[in-house]
1. Here is a list: Val46, Val106. Which entry is β-branched (Val, Ile, Thr), open to solvent by 10 Å² or more (accessible area, probe 1.4 Å) and modelled with pLDDT of 95 or more?
2. For the stretch 49-67, name all the residues that are modelled with pLDDT of 95 or more and in a strand (DSSP E or B).
3. Restricting the stretch 71-86 to residues that are in contact with an Asp or Glu (Cβ under 8 Å, 6 or more places away or on another chain) and open to solvent by less than 50 Å² (accessible area, probe 1.4 Å), which is nearest to Ser11 (Cα to Cα)?
4. Being at pLDDT 95 or above, surrounded by fewer than 17 Cβ atoms within 10 Å (Cβ to Cβ) and either of a type in the set (Phe, Trp, Tyr) or not in a loop (DSSP other than H, G, I, E, B) (or both) is the filter here, so list the residues in the stretch 10-35 that pass it.
5. Filter the stretch 130-165 for residues that are small (Gly, Ala, Ser), open to solvent by less than 50 Å² (accessible area, probe 1.4 Å) and farther than 26 Å from Arg92 by Cα and give the result.
Amino acid sequence: ATGYHIHGAASPLGDRLAVISLPPFTGRGGGTLSIVSVESGEVKHVEGLFDYFSTVSWSPDGAMLAAVRFYDHNGVRTATIVEIDVATGLVRTVAEFSDALDVVPVGYSFDSERLFIVAVDNRGSNLYVERAGKLQLEAELSPGRTRDWSLSPDGSRLAFIDVLAGGSRTFVGRT
């Protein structure tokens, strides 16, 4: 709709769009996540406010998607990764990270059993994997900040930009 700021991602099959919108001048502190059927134009709104800048990651079969919600509680900023079942609309909390600069669901494994998450905080950039309700630290990506992550289709490699401090080269691509 005119006057709305939106971004999102298409499902792997191209039959649905996940759209995060931020209506102007609402003061609500977050965006709305909607799932749009490309064929029918039907729009389903997911309850709750989402981080407007959240990356939306679809499972390979298009049955699930993951996004980020932020909230402040007593001055502590918490990022919550949630997973949405597209068919039922059920929302499940996958992981929470306190005082993180950035938290991103970077993608699912090819079998949709694992969700990969990058968290950037005062310890650096770390890759986590969530499987069957358990969150595990998988690898340290960098002692500093990273950005622009891209997971390979089979989930075996993660490409990203490492933000270096000082020197003539400030950004380095890594896998």
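The values are calculated or read from the model by the stated rules, or taken from the named source; none is laboratory data. Small disclaimer: the values here were computed from a predicted structure and weren't measured. Cβ atoms come from the backbone with ideal geometry, glycine included; neighbour counts cover every protein chain shown. What goes into the accessible areas is simple: the full protein's heavy atoms, side chains included, and nothing from ligands, DNA or RNA. Shrake-Rupley method; radii C 1.70, N 1.55, O 1.52, S 1.80 Å.
1. Answer to the selection: Val106.
2. Ser57, Trp58, Met64, Leu65, Ala66, Ala67
3. Taking the candidates together, the pick is Ile81.
4. Within the stretch 10-35, Ala10 is the sole residue that qualifies.
5. Result: Ser142, Gly144, Ala159.
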